[in-house]
1. When residues of the range 110-125 are filtered for being more than 17 Å from PHE40 (Cβ to Cβ) and in contact with a helix residue (DSSP H, G or I) (Cβ under 7 Å, 6 or more places away or on another chain), how many remain?
2. Which residue is modelled with the highest pLDDT, if the candidates are limited to the range 4-48 and must be exposed (fewer than 11 other Cβ atoms within 10 Å of the Cβ) and either under 15 Å from the mean Cα position of the chain (by Cα) or under 27 Å from ASN71 (Cα atoms) (or both)?
3. Scan the range 133-160 residue by residue and report those that are in a strand (DSSP E or B) and either under 16 Å from MET123 (Cα atoms) or touching a Gly at 6+ places or on another chain (Cβ under 7 Å) (or both).
4. Checking GLU51 against (1) of a type in the set (D, E, K, R); (2) under 18 Å from LEU144 (Cβ atoms); (3) out of contact with any Asp or Glu (no Cβ under 9 Å at 6 or more places or on another chain); (4) at pLDDT 95 or above, which test does it fail?
5. Yes or no: PHE52 in a helix (DSSP H, G or I) and of a type in the set (A, V, I, L, M, F, W, C)?
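The values are calculated or read from the model by the stated rules, or taken from the named source; none is laboratory data. Worth saying up front: this structure is predicted, and the values here are computed from it rather than measured. Cβ placement follows ideal geometry from the backbone for every residue including glycine, while neighbour counts extend to all protein chains displayed.
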Amino acid sequence: MIDLNNIRNFTVNRPEGWTLFGSAEEFDNLPETHREQILFLDEGAGKYIFEFSSASHLTTGGMWDPFAKGNFKTVEKFTDFSRTPESDQKLKKWLYSRGISFPSWVYVLFNSNEGPILMTWKMLIKYSADIFRMDDVMVFDNTLNWCLFFFHEDQLFFGKDNIYDPAEDNKRMEELNERKKKFPPFKHPYL
C-alpha cells in the first residue's frame, strides 16, 4: 500500500517523452547529483498523491485564490514573472526565503497530464523558472504545514502554518446525514 512514508519506492525512470526538464536526452544530460534529487512517481503513486492532496484540503479556493478559506495563518504572494534572468533570480531568492531546507523532499503536482514529481526543495528552486511557467502547480511536503501554489496567470502563493481543522467539515457532514435521516427525500449533496 502506498503512503507518504514509502512513496519513494513507487518511482519510475524518467519518461521517454518531454518533461519540464526538456527531452529525455536533456534530462539525462543534467548533472547526476540533480537527477538523483528528481524522482518521477509511477501511476499508482501519482493517483495516491493527487487524492491525498485533495483530501488534505491544502487548497480551498479557486486557482486565483487557493487558500480562500483561511487554512493557513500566513499567505504570501510572488508576482514578478517578467521571464527575464533578473526575474528568475528574484523568484529563486523569494523561494529560498521561505525557509524550507534544501534537502527537504517535496511533491510537485501539475494540473496537466504530466505526472507528479518528488524532488528536493533545492531542485525546485534551481528549476523554478521552468516549473512555474505555464501550468498550474501545487507543491507541498510530508509536514502539510505549508503549500506553494502557482496559478498560470503568473501568481505564486505560499501558505504556511496550516490551521485547517477537519472538525468543521465533520460537523457539517453529520448535520447533512441527520437531515437525510429525518427527511428521506432530502438529496444529500455528497451521495
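1. Qualifying residue count, the range 110-125: 1.
2. So in the range 4-48, the residues exposed (fewer than 11 other Cβ atoms within 10 Å of the Cβ) come out as 5-6, 9, 13, 16-17, 25, 31-33, 43.
Cutting the leftovers down to either under 15 Å from the mean Cα position of the chain (by Cα) or under 27 Å from ASN71 (Cα atoms) (or both) gives us 5-6.
Numbers: ASN5: 91, ASN6: 94.
Filtering the range 4-48 for residues that are exposed (fewer than 11 other Cβ atoms within 10 Å of the Cβ) and either under 15 Å from the mean Cα position of the chain (by Cα) or under 27 Å from ASN71 (Cα atoms) (or both), the one modelled with the highest pLDDT comes out as ASN6.
3. Kept after step one, since they are in a strand (DSSP E or B), are these residues of the range 133-160: 137-140, 146-151, 155-160.
Result: VAL137, MET138, VAL139, PHE140, TRP146, CYS147, LEU148.
4. Only one criterion is unmet by GLU51, namely (4).
5. Details: in a helix (DSSP H, G or I): yes; of a type in the set (A, V, I, L, M, F, W, C): yes.
Yes: the conditions hold for PHE52.
Yes/no matrix, rows are residues, columns are (1) in a strand (DSSP E or B); (2) in contact (Cβ under 8 Å) with a residue 12 or more places away in the chain; (3) over 19 Å from GLY159 (Cβ atoms):
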| residue | (1), (2), (3) |
| --- | --- |
| LEU30 | no, no, yes |
| GLY44 | no, yes, yes |
| GLY61 | no, no, no |
| VAL75 | yes, yes, no |
| SER82 | no, no, yes |
| LYS92 | no, yes, yes |
| PHE102 | no, yes, yes |
